[in-house]
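This report refers to the structure that appears directly beneath it.
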Amino acid sequence: MAQTFNNTVYVVDYDMKQAEIVILTEGEKFDAKNIPLVSMYNGYFGGGMSSVVFQDLRESKALAYSCYSVYRKSADPKLPYYNFSYIGSQADKLPEAMAGMMNLLNNVPKSDVSFGAAKNLFYRILKQNALIKQGFYLIILMLRSLV
């Protein structure tokens, strides 16, 4: 059975020079096996300054003050992931910024530079977590020796 999507747009009329857009899309159910893939995707696509979203919308096209797009899990593991995309743009650039984000979401481009940066970030996180675990282990050994 094909999944149907309902688009809902909320507009808040507020006198300001910057437009802020959030695009929220429901994803798959949480599965711990996907955590490494999700981490790589976030680093590559929209989680940092070297990401595809930031480089395209902010650096190349100057369409946003701030922008990102990340795949997030809920605090409740029974709930699905959500892709959360954000653009902070000048109001007059809103249509072009939104079209740019939608294009990136629908046609993820290939970028060796962004992929390399995401891979390096992922390895740094793995290394940091290993060091933290090693530190906890040493603390536990020290505490045991005091007893």
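Odds and ends about this structure:
- Those residues of segment 103-118 which are without any contact (Cβ under 8 Å) to a residue 60 or more places away in the chain, surrounded by fewer than 14 Cβ atoms within 10 Å (Cβ to Cβ) and in a helix (DSSP H, G or I), in sequence order: Asn103, Asn106, Asp112, Gly116
- Search result, residues across segment 22-39 that are hydrophobic (A, V, I, L, M, F, W, C), within 15 Å of the chain's Cα centre (by Cα) and not in a helix (DSSP H, G or I): Val22, Ile23, Leu24
This table checks each residue for (1) within 16 Å of Pro109 (Cα to Cα); (2) surrounded by 12 or more Cβ atoms within 10 Å (Cβ to Cβ); (3) of a type in the set (S, T, N, Q).
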residue	(1), (2), (3)
Ala19	no, yes, no
Ala32	no, no, no
Gly46	yes, yes, no
Asp76	no, no, no
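- Of the residues making up segment 1-21, those that are in a loop (DSSP other than H, G, I, E, B), under 16 Å from Phe84 (Cα atoms) and touching a strand residue (DSSP E or B) at 6+ places or on another chain (Cβ under 8 Å) number 0.
- Of all the listed residues (Asn42, Asn83), the sole one being part of a helix (DSSP H, G or I), modelled with pLDDT of 85 or more and within 23 Å of Gly27 (Cβ to Cβ) is Asn42.
- Segment 86-97, residues that are under 15 Å from Gln55 (Cα atoms) and in a helix (DSSP H, G or I): Ala97
- Test: residue in segment 54-66 that is surrounded by 13 or more Cβ atoms within 10 Å (Cβ to Cβ), closer than 28 Å to Tyr123 by Cβ and in contact with a Ser or Thr (Cβ under 7 Å, 6 or more places away or on another chain): yes
- Residues being among the hydroxyl-bearing types (Ser, Thr, Tyr) and touching a Ser or Thr at 6+ places or on another chain (Cβ under 9 Å) - total across segment 1-53: 4
The values are calculated or read from the model by the stated rules, or taken from the named source; none is laboratory data. Because the structure is predicted, anything quoted here is derived from the model rather than measured. Because the Cβ atoms are built from the backbone with ideal geometry, glycine has one as well, and the counts that use them run over all protein chains shown.
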